[in-house]
Amino acid sequence: MDATGKVAVVVGGGSGMGRATAELLAGGGARVAILDLPNGGGAQAAATMGGDTSFHPCDVTDEDATTAALDAAVQAHGAVHIAVNTAGGGTSKRIISRDGPLPLSEFRRIVELNLVATFNLNRLQAWHMSKNEPDDDGERGVIVNTSSIAAFEGQIGQVAYAAAKAGIAGMSLTMARDLGSLGIRVLAIAPSLFATGLLEGASDELVATLTKDAAFPKRTGRPAEYAWLVEAIVRNPMLNGQTIRLDGGQRFGPR
C-alpha cells in the first residue's frame, strides 16, 4: 500500500515507537490521527507534525472511549487505511512471592492493557477499513500490532506480560485469514529492548548488561527502526499474517 494520501491511525503515537511511526508516515504523505492518553504527549506530537495530523485522547482499556476516539479520527480524516498499535506495558512480578500468589487482578490488568485492548482496537479498525474502496490490488487496509520477544522467551516475573504479548502474536495469522477476503492485512512486530519509556536515557552500563546476548547491534533499538519496519510492512502486500522479530538477534535469558 502506498501511504501517500492514506489515513493512518497510530495508537500510542505520543511517544516512543508510536511517535516515530506517526512522524515517518506523515512525512511520507499520510494523514495521521494520533490516539494516546490525554497526558501522553499526543497533542504536542500532533502540533509538532502539523498539517493533516490530529490528536484524539484515548484510554485503550476503556471500550467506549476507544470507540469514540476512532470514530472521531474517521470523522476528522474520512477513513482508516493504516492502523499501528503500540500502546501497552507491563510489570515484573513472579507467580508467587513472600506475600503469596500473584493477584489475579494484576494478571487480568496486564492482559486487558495489552491483549484485550489490542483486539478491541483491531475489530474497530477493521470495521472502518472494510468500508474503504479497494485499491488496484484489492487492498483496503493494513493493521500492525506490537508484540514483544517476551512472547517467545518470557523472563522471570513476566508471566502476565509474556502471555499477553504471545496472544498478540497468536492473533496475527487468524485475523489475517478472517480479514483476507476484505483485502485487510494483519501483522505484529515483536521488538526487543527499545530506547523508550524507562530505558530512554538509560546508562551505557545498564544497556550493555541488558543487551549482552544480542548478536548485533549490542544496543537498545531506536524508535525510528520500529517505524522503518512499519513502513516496509505497509508498502509490501506480501507481508501478512505473521509476527516479525525486531531484536538484533537477541534472545532473552531467564533473567
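Any read-out appearing in this document is the output of simple, stated calculations on the displayed coordinates, not a laboratory observation. All values derive from a computational prediction rather than experimental measurement. All Cβ positions, glycine included, derive from the backbone under ideal geometry; neighbour counts span all protein chains shown.
Pull out a ≥ b ≥ c, the square roots of the eigenvalues of the alpha-carbon gyration tensor of segment 96-221, then state rounded if a/c is under 1.5, prolate if not and a/b is larger than b/c, and oblate in the remaining case. Walk me through the numbers before you get to the answer.
Details: a/c = 2.83, a/b = 1.56, b/c = 1.81.
Here segment 96-221 falls in the oblate category.
Going Cα to Cα from Lys131, which lysines come in below 20 Å? Please leave out same-chain ones fewer than 8 positions away.
Lys6
Let me have the 222 nm mean residue ellipticity of the chain computed from DSSP H runs of 4+ only, each contributing -39500 (n - 2.57), with the sum over all residues rounded to the nearest 500.
Details: 8 runs with 97 residues, N = 255.
Value at 222 nm, helices only, nearest 500: -12000 deg cm²/dmol.
Could you work out how far the C-alpha centroid of segment 114-156 sits from that of segment 1-76, in angstrom?
15 Å
Using the Kyte-Doolittle scale, which helices in the chain average at least -0.5 and also have C-alpha atoms spread 20 Å or more along the helix axis, with helices defined as whole DSSP H runs? Write down the numbers at each step before the final one.
Numbers: long enough: 63-77 (21 Å, 0.01); 159-179 (29 Å, 0.82).
Those that pass (Cα extent of 20 Å or more, hydropathy at least -0.5) are 63-77, 159-179.
Rank Val60, Leu115, Thr91 by how far each Cα sits towards the positive end of the charge dipole of the chain (+1 on Lys, Arg Cβ; -1 on Asp, Glu Cβ) and give me just the farthest.
Thr91
Which residue, chosen from Ser130, Met1, Tyr161, occupies the Cα position most advanced towards the positive end of the dipole of the chain, where the dipole is computed from +1 (Lys, Arg) and -1 (Asp, Glu) charges on Cβ about the Cα centre?
Selected residue: Tyr161.
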